[in-house]
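Some notes on the structure that comes next.
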Amino acid sequence: MLEPIITTDDINEWKNFLLLYKFALDEINTKLTILNEEFQLIHSYNPIEHIKSRLKTPKSISDKLRRKGHEVSMENAKEYIYDIAGIRVITSFTSDIYNLVALICKQNDIKVVEVKDYIKNPKPNGYRSLHLLLEIPVFLSDRVESLKVEIQLRTIAMDFWASLEHKIYYKFEKTVPSHITEQLRECADLANFLDEKMLSINEEIKKYK
């Protein structure tokens, strides 16, 4: 089967399409930066350690649409692919995650589409994180576009585990020996224990202030 010919116009259309999602990322990044700086001003404390954002490539979007059984088009991408624009927020403590989620969800220009709490309900492999799917308006010169952005919120320990787990799965091409998956699960539990212990210490420290 011949691959479809990609024209210059096609490339430019995809660039313009993804530019809208970049604007949506900029909006969310600005909101998170303001919340972080406000915390610093009021509480002398930054809940966010760092933020990383990314946009899916046209190839990645096309591949995912095909896997889902949809024709490759920008309309279908907007309708069926929810993680075109993604942000990863790394915090010190799990309490920071829930505080940030509450503050983000209170903003009246944001629509909360879905919340997946893999901290309270970890995946079978031990993965812990909180995923927020938001719809945010992007104000252009001639219209307003509502676009979906996925935010993943993790502690430093969760992110360390997830990053290494991803590298291991990539190395084994997703077919990881069972004894390694078991060790990864044990490491996930240890990372969770560390999170709980550090949060407990932090709460104890607050009593001395």
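Since every read-out is calculated from the coordinates, none of them should be taken as a lab result. These numbers come from a predicted model, not from an experiment. Reconstructed Cβ throughout: ideal geometry from the backbone, glycine too, with neighbour counts over all protein chains shown.
Structure above, values below:
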| quantity | calculated |
| --- | --- |
| Kyte-Doolittle mean at least 0.0, axial Cα span of 24 Å or more - DSSP H helices of the chain | none |
| Where GluC sites (Glu not before Pro) in DSSP loops with at most 12 other Cβ within 10 Å are excluded, longest remaining stretch of the chain | 72-172 |
| Around LEU35: net Lys/Arg minus Asp/Glu count, Cβ-Cβ under 11 Å | -1 |
| Residue-count net charge about LEU130 - beta-carbon cut-off 10 Å; Lys, Arg +1, Asp, Glu -1 | +3 |
| Potential lengthening between THR175 and SER44 on full extension [0.36 nm per residue; Cα-Cα distance subtracted] | 42.6 nm |
| Fewest-first ranking of THR94, THR181, using other Cβ atoms within 10 Å as the exposure measure | THR181, THR94 |
| Where Rh is the Kirkwood radius over Cα pairs, Rg/Rh for the stretch 71-209 | 1.06 |
| Other-chain or far-sequence residues with amide H under 5 Å of THR155's (modelled H) | THR91 |
| Net +/- balance of residues flanking GLN152 in space, Cβ distance below 10 Å, scoring K and R +1, D and E -1 | +1 |
| Stokes-Einstein D in µm²/s, Kirkwood radius over Cα pairs - the stretch 8-158 at 4 °C with 1.567 mPa s viscosity | 78 µm²/s |
| Filtered trypsin sites (Lys or Arg not before Pro), the stretch 1-106: DSSP coil and at most 11 other beta carbons within 10 Å | LYS68 |
| Computed over the chain: relative contact order in percent, which uses C-alpha pairs under 8 Å that are six or more apart | 19 percent |
| Qualifying chymotrypsin sites (Phe, Trp or Tyr not before Pro) for the stretch 157-207 [loop in DSSP, other Cβ within 10 Å: at most 16] | PHE172 |
| The stretch 78-147: proportion of alpha-carbon pairs further apart than 16 angstrom, % | 58 percent |
